[in-house]
Amino acid sequence: MAVKEKVLDLANHISRKKRGAKNEIKATDPEYMILEPVVTEEMAEVALCMEIRKKTNAKELAPLCGKSEKETSKLLWQLADAGVCFVNEIDGVDTYWFDTWVPGIMEMMVNHKENVKKYPQIAEAFEAYGRVRGPRTTGAFPVGVGLMRVIPIEKAIDGETRKVSYEEVSKYLNDNKIFSVSDCSCRTARKVMGEGCGHLAEDMCIQMGHAAEYYIRTGRGREITREEAFEIIKRAEENGLMHQIPNLDGSGKTHAICNCCGCSCLALRTASMFKNVDMVRSNYVSHVDKDKCVACGECVEACPVNALKLGQKLCTVKPIPLKKTETPRDTEWGPEKWNPDYRINRKDVVDTGTSPCKTECPAHIAIQGYIKLASQGRYTEALELIKHENPFPAVCGRICPRKCESACTRGDIDSPVAIDEIKKFIAEQDLNKENRYIPKKRHEYGNKIAVIGAGPAGLSCAFYLSLDGYKVTVFEKQKALGGMLTLGIPSFRLEKEVVNAEIEILKELGVEFKTGVNVGSDVTLKELRNQGFEAFYLAIGAQAGRKLGLEGEDAEGVMTGVDFLRNVNLGNQKTLEGKTVVIGGGNVAIDVARTAVRVGASEVTMHCLESREQMPALLEEIEEALAEEIAINNSWGPKRIVTENGKVIGVEFKKCISTLDEQGRFAPKYDDNDTILVPADNVILSVGQGIDLGNLLADSKIEHNPNQTIKADSFTYQTSEPDVFVGGDVFTGPRFAIDAIAAGKQGAISIHRYVQPGQSLIIGRDRREYHALDKQNLSLEGYDNQPRQSASHVDGAKSRETFKDLRTTFTEDQIKKETERCLSCGATVVDEYQCVGCGACSMKCKFDAISLIRKYNGEGVAFENLKPVVLKQVIKRKGKIAVKKAINMFVKE
């Protein structure tokens, strides 16, 4: 393609460079590439007669460019419409001027929606500008005088006595009379490039004064009132965004407020990628009060530049080594010190680890946080914190495997904190309709999403999608909602009223449920697409029972545990007569045995391969089964099922010698000479669950594994059909409800990104990679030995007579005592250099543990006065680098 010479001249003119010079702008540079598709040679001729930031009009420019006033006026308007220059009506005359590339021309050009859609190179050039030119600014700008500047969230500095008015968003809104709002230019560019981060661009950036007039007149933005501007600021803060302003209008002046995210903002890239934080930072840095911090992680997730990470605060035997932070203030800086992958390599935890409880929880719930809130009687806030990661705390408070308690540091002193009981107490209020916590919706997107399966993964996905205002329909094959929560867990462990109460919240959020619909048979995915559904989440679970291939297992009286529990929960099987043998040693087998007792079995025995110590069932559940006079026979494996006239009469077992393989996994060996015959009228096989895909994937490109689990990306959960995502047991195989719940949230994140144009499934996404602190290095002496609280004992003789859950909840007094036992292992750690001082962290903290402290005193400088300030800084930095080198050489010698 031929170069537009005048346009190339204009690119150099705006850049204040000369053609032919060593540093000239070339036709391959972003300055030219952004102009090339929309600026004609004639338009460039007019613009070449203009000077940066010098106001002019058609009458003044016409003789300079050798064109008629009418032609000049037409070309000036075309330049303004394209985004190359501003236009305002001043004293009845259209007045034009151009500004810097950034902030200025490039943002304005990207905000022309039709042009950027038609010519993606406009977006690409905008993105490339900072990437190509950014390194040259490293260390050259003192704090406060960068091209863009972070302005703290105002509430975050309310208590700071040294704050000044130019650090307050309200000042800029109150100083102006005309306002507009437009799409975010950075997120628009990322979207056009297919690199969006999930933060959407619409109606996010506010223009004021001359910029507002220009945006309204050229159709880039819509006019809003000051009150609407304040509301946009508030909404941005609630959604985790922070504020920046163009910083070349002079101290205390600006013409726009940008609401930014760290994962797409091209100004914040200066801090995250090039580590040139002084270029954009405010005068503040975050400060954490470790005594108050509970490592909930809300601030870490909110930080736009990954300056905050979770660490620990317990005393250690050996001091934790402190990392020395190199900065460009006194160090030569090159690509080897950059972080080019900053959009995909965020870290949540420092190298030395953080709280074991949050680490081990599959959903990484802020356990320390809700324990602290409960200790203060702030139960609704505790519930809110839990629901950030788990919308079903009342359910999980009854059936969770308690991985957090197994990892609890308190267990190294005496007994783990009763985390699950605390969560159960907090969640009790959610069961009362009057006290129920229903989260506020963040958006109203409206796209139709289909969730297939109303188990924990599907319900979780529907919950989080509904918070963003998506129109979610859940299709469930059974007549009852809840999946295995309802049909696979007996009521004495999880009462159906509890499940239904938590599902009711989804209904109030607008989720629609259709039961008795078998997707694949009653309606296909293709037909649902034709109905307008834009994405699908497959969460059908592992709802089939498994058999062992034993002789006689198809006889009358033999069934799987999954089928048995489903039939009992649906009311299809109300009685079971005679002697019943349950084969299996897991939690489901315990549930099956205890259910068999309640529906009338005269005698119930369990037989499993594992020794008592190796049984996969939780100790608590084993004890409950024994209390209900269920005999557990360990180290026996089934050899065959004995039948007579097609009906079971017994089971022959062989002795199992429990051994472990090289990986420490259970690897049974059998003694075929040591057998027993156990009489039985019923045999229930509870040895795992299978997956029944039915016709779900008919006429689909979606692949599955030999065990019927669906193949998908392990991070995004996207299948080989781009609009279909998967989660829960149908992806992982049988796991716990909390694993499925965690997967449901991640599925919702992927679906949101998929249905919104130009969004990446991975960029800017939290990988949630947690690791625990080193317990071997902790100094745990001197802590109290306050005993663990326990719920009232349940009499097995009474519990075996009812399907009601007789387990009690902690009293408020017990909650106070138990929450005091938490050691509060973790705390947030701040990299003060990397922190840009936006205040997003402090807005998320419920514990008053993080605040902004004024550390710098930088003020903005007008563009016209910028050069000497930068030169002074460059000379100062060179001196620091030289001194540092000299010291290092001296030390080496």
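The values are calculated or read from the model by the stated rules, or taken from the named source; none is laboratory data. Only a predicted model underlies this, so the values are computations on that prediction, with no experimental measurement involved. Cβ sites come from the backbone with ideal geometry, for glycine too, and all protein chains shown count toward neighbours. Just the protein is used for accessible areas: all its heavy atoms, side chains included, with ligands, DNA and RNA removed. Shrake-Rupley method; radii C 1.70, N 1.55, O 1.52, S 1.80 Å.
Here are some notes:
- When 94, 522, 348 are compared by accessible surface with a 1.4 Å probe, the order from highest to lowest is 522, 94, 348.
- Heavy atoms of the protein chains alone define the surface here; on that basis the stretch 706-746 has 36 Å² accessible area per residue at 1.4 Å probe size.
- Label zone at residue 235 (point 7 Å along Cα-to-Cβ), backbone N below 20 Å, the stretch 427-445: 439-445
- For the chain, share of DSSP beta bridges that run antiparallel, in % to the nearest 5: 60
- Long-range amide H partners of residue 312 with built H, under 5 Å: 827
- Relative to the longest principal axis of the Cα atoms of the chain, the long axis of helix 69-82 lies at roughly 20 degrees.
- Separation of the residue 806 and residue 433 label points, Cα + 7 Å toward Cβ, nm: 3.1
- With 26 Å as the limit on Cα-Cα distance, the pairs of 387/496; 155/323; 477/507 that go past it are 155/323.
- Heavy atoms of residue 615: accessible area, 1.4 Å probe, square angstrom to 10: 10
- Whole-Hz couplings from phi, Karplus 6.51/-1.76/1.60, listed for the stretch 438-455; x for Gly and Pro: 10, x, 7, 5, 8, 8, 9, 6, x, 5, 7, 10, 10, 10, 9, x, 9, x
- Distance from the stretch 697-730 to the stretch 424-442 (C-alpha centre basis), Å: 33
- Whole-Å distance, taken between Cα centres, linking the stretch 353-413 and the stretch 844-883: 40
- Tensor-based shape of the stretch 691-745 (alpha-carbon gyration tensor, a/c under 1.5 rounded, otherwise prolate or oblate): oblate
- Surface analysis of the stretch 97-199 yields an accessible area of 36 Å² per residue, using protein heavy atoms and a 1.4 Å probe.
- Mean projected area of the convex hull spanned by the Cα atoms of the chain, taken over all viewing directions: 44.9 nm².
- Protein accessible area in the chain, 1.4 Å probe - carbon and sulfur %: 49
- 3J(HN,Hα) along the stretch 239-254: 9, x, 8, 10, 10, 9, 10, x, 10, 10, 8, x, 4, x, 10, 6 Hz, from the Karplus curve 6.51 cos²θ - 1.76 cosθ + 1.60 with θ = phi - 60°, whole Hz, x for Gly and Pro.
- Mean separation of Cα contacts under 8 Å (6+ apart) over length of the stretch 753-873, as relative contact order %: 12
- Label-reachable residues, the stretch 134-168, where backbone N falls under 17 Å from a point 7 Å from residue 871's Cα toward its Cβ: 140-142
- For q = 0.17, 0.21, 0.22 Å⁻¹, Debye-computed log10 I/I(0) when each Cα of the stretch 143-230 counts as one equal scatterer: -0.87, -1.12, -1.15
- Mean-position separation - Cα centroids, the stretch 479-527 and the stretch 121-150, in angstrom: 51
- Mean separation of Cα contacts under 8 Å (6+ apart) over length of the stretch 174-251, as relative contact order %: 36
- In Å², nearest 10: area of residue 254 left accessible to a 1.4 Å probe: 20
- Prolate/oblate/rounded call for the stretch 14-71, Cα gyration tensor, a/c under 1.5 rounded: prolate
- Charge dipole of the chain (Cα centre as origin; +1 on each Lys and Arg Cβ, -1 on each Asp and Glu Cβ, all else neutral): 3080 debye, rounded to the nearest 20.
- Shape category assigned to the stretch 279-335 from the gyration tensor of Cα positions, a/c cut at 1.5: oblate
- Around the amide H of residue 541, modelled in the peptide plane, lie the amide H atoms of 729, 730, all under 5 Å away and 5 or more residues distant in sequence or on another chain.
- Cβ-Cβ FRET estimate between residue 784 and residue 324, R0 fixed at 41 Å, reported to 0.05: 0.65
- Sequentially through the stretch 265-280, phi angles give Karplus couplings (6.51, -1.76, 1.60; θ = phi - 60°) of 5, 7, 7, 5, 4, 4, 7, 6, 8, 8, 6, 9, 5, 4, 5, 10 Hz, Gly and Pro residues having no value and appearing as x.
- Taking the Cα centre of the stretch 354-423 as origin and assigning +1 to Lys and Arg Cβ atoms and -1 to Asp and Glu Cβ atoms, the resulting dipole is close to 120 debye.
- Adding -39500 (n - 2.57) for every DSSP H run of four residues or longer, then dividing by how many residues the chain holds, sets the calculated 222 nm ellipticity at -9000 deg cm²/dmol.
- Accessible surface ranking that places the most exposed of 86, 890, 666 first, with a 1.4 angstrom probe: 890, 666, 86
- Ordered by 1.4 Å accessible area with all protein chains kept, 77, 636 run largest first as 77, 636.
- A simple packing score, the average count of other Cβ atoms within 10 Å per residue, orders the peptides 482-488, 379-385 as 482-488, 379-385, with the highest score first.
- Low-density loop positions, GluC sites (Glu not before Pro), the stretch 434-530 - DSSP coil, at most 13 other Cβ in 10 Å: 434, 444
- Contour minus Cα-Cα distance for residue 518 and residue 645 (0.36 nm per residue): 42.1 nm
- Projected label points at residue 52 and residue 797, each 7 Å from Cα along the beta carbon direction, are separated by 9.1 nanometres.
- Normalising the average separation of contacting C-alpha pairs (under 8 angstrom, six or more residues apart) by the number of residues puts the relative contact order of the chain at 18 percent.
- Here the label points at residue 855 and residue 551, each 7 Å from Cα along the C-beta direction, are separated by 7.6 nm in the simple model.
- At the residue level, residue 754 shows approximately 80 square angstrom of accessible surface with a 1.4 angstrom probe and all protein chains present.
- Under 5 Å from the amide H of residue 606 lie the amide H atoms of 582, 631, 632, 633, each residue being 5 or more positions distant or on a separate chain, with H modelled from the backbone and absent for Pro and chain starts.
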